[in-house]
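Just so it is clear, none of the values below were taken in a lab; they were calculated from the coordinates. Predicted model, so just to flag it, every value in this text is computed and none were measured. Cβ: placed from backbone, ideal geometry, glycine included. Neighbour counts: every protein chain shown.
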């Protein structure tokens, strides 16, 4: 008697279709968190993942059709599913090898090749499921058209549920590595249940026990590395949030001890643990420049908390500070590891949504919302800046932190400045790199914008700064300049916003810098 003659097997076949369809999407969504810390969570990473997913599934459909004609039996189907589960479980272990092999290929090539190496084999085998299920069903069910329709509907429904679960639940509450172990184990168990219940091969119980043991292996310890100059680098905590991989890293050298907050590998702020001072120059500029323009400021809104250095410093200057950040994990890390004590609760919300609501007007708005290496493009459109202007006092000041270099600084590629100039009459720029050096590495660029004179900012002096920040901070202050109005600039809008495309070379340089300055053991953990 064939399996389909057993009353429950048709339903198990339908469950198989839905589960495999769902796990395909879970693997795709999780994939961005695997390669994101190395290649950025950008347009090119998602393009690579979608391309690899579609290519793998297409090849899987063809292979599944061929194999189902040669071996049209359920054991072959569930054997392929078990193999795909093993490959999914191996993704966290194979990640270091695949990433290090792909990094020399650059942002676009590296993202594509790493996605192929890590995800294509498992997705190809999962692509075999649909034609195999149809082949098995066609042998027994007369109403083939309706059956195929139901099976494809279940697969699509599973994909929808899998996508929602990955985005809303799995990443934030399970973690990426354990999620791959869990997804792989589900596929292996799906196959083992078939062999135990329907094929009566009880020896598969040993396989189920082995999968369970593998799934609950203890987590690896947090890594420590030693840099070429003898500095010890230690990962303090690593957590996957819904918006990125958040790490706290300590550096212990002969002269000082520092601590940094990283999101997908990019530094979001850092302090000297002994003095509490910021070790990054842009924090001093974002704090001081707006107050030079508006010294009587009494309120400030900070978009993007980071390590909380700027919020803490403004509070010490008796300014009422509101902070909006989309990621609660960042807030928890800032409070736990950087001694942040906010007088007002941090608003956990997308900044664009927050700004669109009615609320108080602020003397200063500071936008420092980078996550990973992606430009916060939805906060830089004309429509977004209209909302920023509406929440700013008439004589208020906007301070903006972006990343640039000598080739892509906004005075050479004036999209950001041109868009700012649709809302603000004066803009000053403070590049933390030398614009005359076309080989300069990427660095921060602080912009000050207002509908009032901002020339006072050019006379800013910051006498107290950490030694690690001093030289670059002085460079930025010396190079401060008022920007001219650009004729016919590219204005970014919600309808046309090509920043991801314009910034691809910049993003590649950022990733290169991250890989050169952060030990691989730190980046590869998690």
Whole-number value, in Å³ per residue, for the convex hull of the alpha carbons of the range 24-129 is 82
Per-residue Cβ contact counts at 10 Å, fewest first, order 367, 14, 333, 256 as 256, 14, 367, 333
Between residue 482 and residue 422, the two model label points (7 Å from Cα along the beta-carbon direction) sit apart by a distance in nm of 2.4
Least to most buried among 294, 343, 95, by other C-beta atoms within 10 Å and fewest first, runs 343, 294, 95
Between the Cα axis of helix 129-140 and the main Cα principal axis of the chain, the angle (0 to 90°, nearest 10) is 30
Sorted largest first, the C-alpha extents of the range 302-344 along its principal axes in whole angstrom are 27, 19, 14
In degrees, nearest 10, the alpha-carbon axis of helix 176-193 is tilted away from the dominant principal axis of the alpha carbons of the chain by 10
Tilt, helix 504-517 to longest principal axis of the chain (alpha-carbon atoms), in degrees rounded to tens, equals 90
Expressed in nanometres to one decimal, the distance between label points 7 Å along Cα→Cβ at residue 93 and residue 390 is 5.5
All alpha-carbon distances of the range 280-513, grouped into 5 Å bins from 0, give the whole-percent distribution 1, 7, 15, 19, 22, 19, 12, 5, 1, 0
Taking Rh as the Kirkwood radius computed over alpha-carbon pairs of the range 3-215 and applying Stokes-Einstein at 10 °C with viscosity 1.306 mPa s, one gets a diffusion coefficient in µm² s⁻¹ of 90
Gyration tensor (Cα only) of the range 213-348 to equivalent ellipsoid, semi-axes in Å sorted down, yields 30, 20, 11
Here D for the chain, in µm²/s, from Stokes-Einstein with a Kirkwood Rh over Cα pairs at 10 °C and 1.306 mPa s, works out to 63
